[in-house]
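The values are calculated or read from the model by the stated rules, or taken from the named source; none is laboratory data. Remember, it's a predicted structure, so these values are computed and weren't measured experimentally. Quick reminder, even Gly has a Cβ in these numbers, built from the backbone with ideal geometry, and neighbours come from all protein chains shown. Just the protein is used for accessible areas: all its heavy atoms, side chains included, with ligands, DNA and RNA removed. Shrake-Rupley method; radii C 1.70, N 1.55, O 1.52, S 1.80 Å.
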Amino acid sequence: MRFLVQKVFLILLLLAARDLYAQQEVVWRETKYHSFVINKLNECRDMFLSPMIRKSCQRVHFIGGADVATLMETPKGMRPQPKEYLCPKYIATHLGIFRNGASYIVPKDILDKYGRELIGRPDNCQFIIPKEQMDCILEQAAGDVSKIEAALGVPSGRWAGRELSRIDILCPEDFHLRIPTGNEEGVNDLWIPGGYLWQGYREAIISQIPQGAYVETKIKTNDK
């Protein structure tokens, strides 16, 4: 009887090990596919995301069987609307954070060239982060443009040697505040579904902002 129990236990253990190995293979494949994103997340989270801000991050609640890997691998332009894979409570909570103010950074020469009467991306998909998180980024970067680029997912060197302006929007909910779909023109390979940058900062998008609804502030950098 004891031998039979040991045999059954061994079979169950082997079956469990097989399932665990199969699951691990999936994780390995996904990790390899998104290794650049994962490495950047590990490098930058502690550098820029303060413990207080990190605690405010909520776990992304997917519905309908959706998952990060599948959504990321879906070709840009074909990704579903966030309401199709995120629960309504999650969306409301996420966007509620932005009602305390939102910010984004833009090179001053862009504003000088296109004017300040109506700012933001012409496709009405301007990416923003909560104002308090922008405060955190600029404080931690201490004028280092490369750190600001890294924190916001901007390609390295794109802002080097350029004057930067911070744009603060007091009421972003007045400009069609929403979670990005991943189909926006400004989305790159580092996009993650659920409204977060890979460093852990929240993100959202809004339409263009008219003069009078935003405040422009020059950013002091080590380059300028």
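Take peptides 75-86, 165-176, 107-118 and line them up by average Cβ neighbours within 10 Å, highest first, as a rough protection proxy.
165-176, 75-86, 107-118
State, to one decimal in nm, how far the label point of residue 117 lies from the label point of residue 139, with both points 7 Å from Cα in the Cβ direction.
Label at residue 117, label at residue 139, 3.9 nm between them.
Take the residue pairs 113/218; 131/220; 76/131 and return only those whose Cα atoms are more than 20 Å apart.
In this structure, 76/131 exceed 20 Å between Cα atoms.
How high is the FRET efficiency between residue 83 and residue 132 when r is their beta carbon distance and R₀ equals 30 Å, given to the nearest 0.05?
Once the sixth-power term is evaluated, E becomes 0.70.
Ignoring ligands, DNA and RNA, what percent of the accessible area of region 110-186 is carbon or sulfur (1.4 Å)?
Here carbon and sulfur together make up 48 percent of the probe-accessible area.
Whole-Hz Karplus ³J(HN,Hα) for region 110-125, in order, using 6.51 cos²θ - 1.76 cosθ + 1.60 and θ = phi - 60°, x for Gly and Pro?
With coefficients 6.51, -1.76 and 1.60, one gets 5, 5, 5, 6, 9, x, 10, 5, 9, 10, x, 4, x, 8, 6, 10 Hz.
Going by the alpha-carbon gyration tensor, a ≥ b ≥ c the square roots of its eigenvalues, is region 117-163 rounded (a/c under 1.5) or, if a/c is not under 1.5, prolate (a/b greater than b/c) versus oblate?
oblate
When the Cα centres of region 80-118 and region 191-224 are compared, how far apart do they sit, in Å?
Taking the Cα centre of region 191-224 as reference, the centre of region 80-118 is 7 Å away.
Between beta-carbons, use under 10 Å as the cut-off and find the net charge around residue 121, counting Lys and Arg +1, Asp and Glu -1.
Taking every Cβ under 10 Å from that of residue 121, the sum is -3.
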